[in-house]
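Written out below as structure tokens is the structure these notes cover.
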Amino acid sequence: MKRVAIQGFVGSFHDIAAHQYFNGEQLQLVCCATFEEVFDNLAKDPTMIGMTAIENTIAGSLLHNYELLRESGLTVVGEHKLHISHCICCLPDDSWETISEVHSHPVALMQCRQFLSGHADLKVVECEDTAGAAKDIAVAARRGCAAICSSSAAHIYGMKVLEDHIEDNKHNFTRFLVSCNPGKADFLRPLEKANKASLVFALPHEEGSLSQVLSILSFYKINLTKIQSLPIIGHEWEYLFYVDVTYDNLTRYRQSIDAITPLTRELKILGEYQDGKQSA
């Protein structure tokens, strides 16, 4: 049985992503209130696996999670791209006529902004988790309150779905990274099947420093799929660059890393893994 730390409760999108990624395997979820708690659990137990959202096609990157991952010393061993669909649900005895509040995570509320604008009479209440919103309403029997969450969470907590697929954009995907202690990495992903890597590095504050690195990656036919810069605290106008690349030749990829290393500072390979497929 695999122990997987997630942010959120049973029925959350992290839960769904974990079960889809480890399809058919027995999982013991360690539900955490925050992403910091996820990484704290992974630091305390080297056998535990983490499932962490890193970017969304609508809301963008979860910048703080990049920092948590870099500082953790963990290795990324996989990714999963989950289609995100929201529903609005309430207690079985409630209805559109009786609800006056809607609870959910701020990102979920943002992704349903157009839907909510059509229900301006509902008071919007932010909380830490989508599934947690449904759970809190169900456990406390809060009449007049609705939650925006996955339909799976609604059914788990005995809530009535008033309307499903209420997200504004139907092409709504979240990318999750699977991480673990480096000593456990080879048991979770065969390196010979890896075709994607996540890197982080700093660059000297010199003209053309980034273009040099990108030119070398291009020369070795390494495909850049994402680049995200974050300021280095305490160093004005200096940045860390988080980069995702894909490759079809492990040797050529390794040569490209050797070639860019002298041009960078503090280059770190966060993980080498297999490119994840999108869920339907």
Quick one: in region 11-35, of everything that is without any contact (Cβ under 8 Å) to a residue 40 or more places away in the chain and loosely packed, with under 14 Cβ neighbours inside 10 Å, which residue is farthest from C180 (Cα to Cα)? G24
The lone condition Q7 fails out of (1) out of contact with any Asp or Glu (no Cβ under 8 Å at 6 or more places or on another chain); (2) polar (S, T, N, Q); (3) surrounded by 18 or more Cβ atoms within 10 Å (Cβ to Cβ) is (1)
Among the listed residues I216, I257, which satisfies the condition of being surrounded by 12 or more Cβ atoms within 10 Å (Cβ to Cβ), closer than 30 Å to L82 by Cβ and of a type in the set (V, I, T)? I257
Scanning region 197-243 for residues that are within 22 Å of S72 (Cβ to Cβ) and of a type in the set (A, V, I, L, M, F, W, C) gives A197, L199, V200, F201, A202, I227, L230, I232, I233, L240, F241, V243
Any hit, region 261-272, residues being outside any loop (DSSP other than H, G, I, E, B), small (G, A, S) and under 19 Å from V77 (Cβ atoms): yes
Can you tell me which residue in region 225-267 is modelled with the lowest pLDDT, limited to those that are within 11 Å of A197 (Cβ to Cβ) and touching a helix residue (DSSP H, G or I) at 6+ places or on another chain (Cβ under 8 Å)? L250
Taking the options A138, A133, A154, name whichever one is touching a Ser or Thr at 6+ places or on another chain (Cβ under 6 Å) and part of a helix (DSSP H, G or I). A133
I'm trying to understand the selection: among the residues of region 193-224, which are at pLDDT below 90 and among the charged types (D, E, K, R)? K193, E206, E207
Would it be correct to say that A147 is touching a residue at least 40 places away in the same chain (Cβ under 8 Å), part of a helix (DSSP H, G or I) and not polar (S, T, N, Q)? no
Residues being under 21 Å from the mean Cα position of the chain (by Cα) and modelled with pLDDT of 95 or more: count how many of those fall in region 113-129. 1
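The values are calculated or read from the model by the stated rules, or taken from the named source; none is laboratory data. Here the structure is a predicted model, which is why all the values come from computation and not from measurement. Note that each Cβ is placed from the backbone with ideal geometry, even for glycine, and that neighbours are counted across all protein chains shown.
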